[in-house]
Amino acid sequence: MFWTRSYWLPPQGSAFSNEVDVLYMALFWLSVFFFVGITGAAVYFSWKYRYRPGRVTPHLTHNTPLEIIWTVIPLILCVIIFFWGMDGFMKYAVAPGESMEIQVTAKKWLWQFEYPDGTRSVNEIHVPVNKPVRFVMTSEDVLHDFFVPDMRVKHDIIPGRYTEIWFTPTVIGEHHATCAEYCGKGHSDMQAKVMVDTPEKFADWMATGGDEWMRHTPEEWGKIQWEQKGCQTCHNIDGTKSKGPSWKGIWGEPVKVKASDGKEITVVVDENYVRESMMVPGAKVVDGFDNIMPTFQGLLRENEIRGLVAFIKSLK
Ligand code: CUA
């Protein structure tokens, strides 16, 4: 129908966008109808009842049927608009239970996204087509606002609390997200790419984590992992003892450990030892430390493990 077509709205990218557009266009055409009707009547009556010499204005105080009509019709329209809008708002506000969840952290002036498996990305998100995605959002500093025009979703992001939006992307390709709340001089730089992928391409992206790692040397990439994945909570790199052993100067050196069968053995810190310590931390526990490290099985990609190994190697 001509009146549901959007001639100037962005392309539709989510299962929800058509519904939003239909309501929007209905309100638009309703407004056009009343604007033209009321303005037209005002202009016409101004002309028809203009002053002419000798003309007598009839004395009318009110017209009950007319007053009922102009009260009841707008009332009915308002009630329809309310329930129509509420129906859409309920769908918009409540994400389906099976949604994939992405954590969004807004800060001056970038977007950070985190996937359920710990994958992080900056200013770029990938989502699989035709699967609902829920965004749980918070800010580290001031008010921001996550706006994805193609998906017809937009919500404030508030420091110290969580807000959420969700959508089911339906159109494969690149979409665009932007900050829609003025947040300082970098506000207009707060842009993000929303990539809607085929399931295969999405799985591939999740497995490799995109190509950010290619832009760093393995040592740098390892240091980023040490900071981002929480290694630094227990492992210092300056030689001091923390909840876990320091990483400084351990590469290639012998270390006394207690194996999982309870035997005290001495091993040399090499690639296999480091990798095993991440995946099965209890297999060899360094003397003087408790077996408290969580496993990172499934939380680290090959490029991240290689980076961490290179980082430890570089800590002379
Ligand atoms: Cu963030 Cu504007």
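The values are calculated or read from the model by the stated rules, or taken from the named source; none is laboratory data. It should be emphasised that the depicted structure is a prediction, and the values quoted were computed from it without experimental measurement. Neighbour counts are summed over all protein chains in view; Cβ atoms, including those assigned to glycine, are modelled from backbone coordinates with ideal geometry. The accessibility values were calculated without ligands, DNA or RNA, using every heavy atom of the protein model including side chains. Shrake-Rupley method; radii C 1.70, N 1.55, O 1.52, S 1.80 Å.
General remarks:
- Close pairs (8 angstrom Cβ cut-off, 6 or more residues apart or separate chains): in a strand (DSSP E or B) in the stretch 171-194, within 7 Å of the ligand (Cβ to nearest atom) and open to solvent by 30 Å² or more (accessible area, probe 1.4 Å) anywhere: Cys179/Trp109; Cys179/His187
- Answer residue from the stretch 132-142, given it is open to solvent by 40 Å² or more (accessible area, probe 1.4 Å) and modelled with pLDDT under 95 and is farthest from the ligand (Cβ to nearest atom) among those: Glu140
- Screening the candidates Leu30, Leu23 for the property of being part of a helix (DSSP H, G or I) and open to solvent by less than 40 Å² (accessible area, probe 1.4 Å) yields one hit, Leu23.
- Residue check, Gly222 part of a loop (DSSP other than H, G, I, E, B), of a type outside the set (Ser, Thr, Tyr) and farther than 30 Å from Gly13 by Cα: no
- Trp213 fulfils the conditions (1) open to solvent by less than 60 Å² (accessible area, probe 1.4 Å); (2) outside any loop (DSSP other than H, G, I, E, B); (3) in contact with a helix residue (DSSP H, G or I) (Cβ under 8 Å, 6 or more places away or on another chain) except for a single criterion, (1).
- Taken over the stretch 105-130, the criterion of being closer than 17 Å to Cys179 by Cβ, touching an Asp or Glu at 6+ places or on another chain (Cβ under 7 Å) and open to solvent by 30 Å² or more (accessible area, probe 1.4 Å) is satisfied by Lys107, Lys108, Trp109.
- The residue that is surrounded by the fewest Cβ atoms within 10 Å (Cβ to Cβ), among those in the stretch 154-186 that are more than 8 Å from the ligand (Cβ to nearest atom) and small (Gly, Ala, Ser), is Gly160.
- Odd one out for Tyr92, checked against (1) within 16 Å of the ligand (Cβ to nearest atom); (2) open to solvent by less than 80 Å² (accessible area, probe 1.4 Å): (1)
- Meeting the requirement of 1 or more residues that are β-branched (Val, Ile, Thr), the strands (runs of 3 or more DSSP E) wholly within the stretch 43-151 are 100-107, 120-122, 124-128, 133-139, 144-148.
- The single condition among (1) more than 16 Å from the ligand (Cβ to nearest atom); (2) open to solvent by 30 Å² or more (accessible area, probe 1.4 Å); (3) among the hydrophobic types (A, V, I, L, M, F, W, C) that Ile102 does not meet is (2).
- Candidates are the residues of the stretch 187-210 that are open to solvent by 60 Å² or more (accessible area, probe 1.4 Å) and polar (S, T, N, Q); the one that is nearest to Asn303 (Cα to Cα) is Gln191.
- Residue list for the stretch 216-228, filter: open to solvent by 40 Å² or more (accessible area, probe 1.4 Å) and not acidic (Asp, Glu): His216, Thr217, Pro218, Lys223, Gln228
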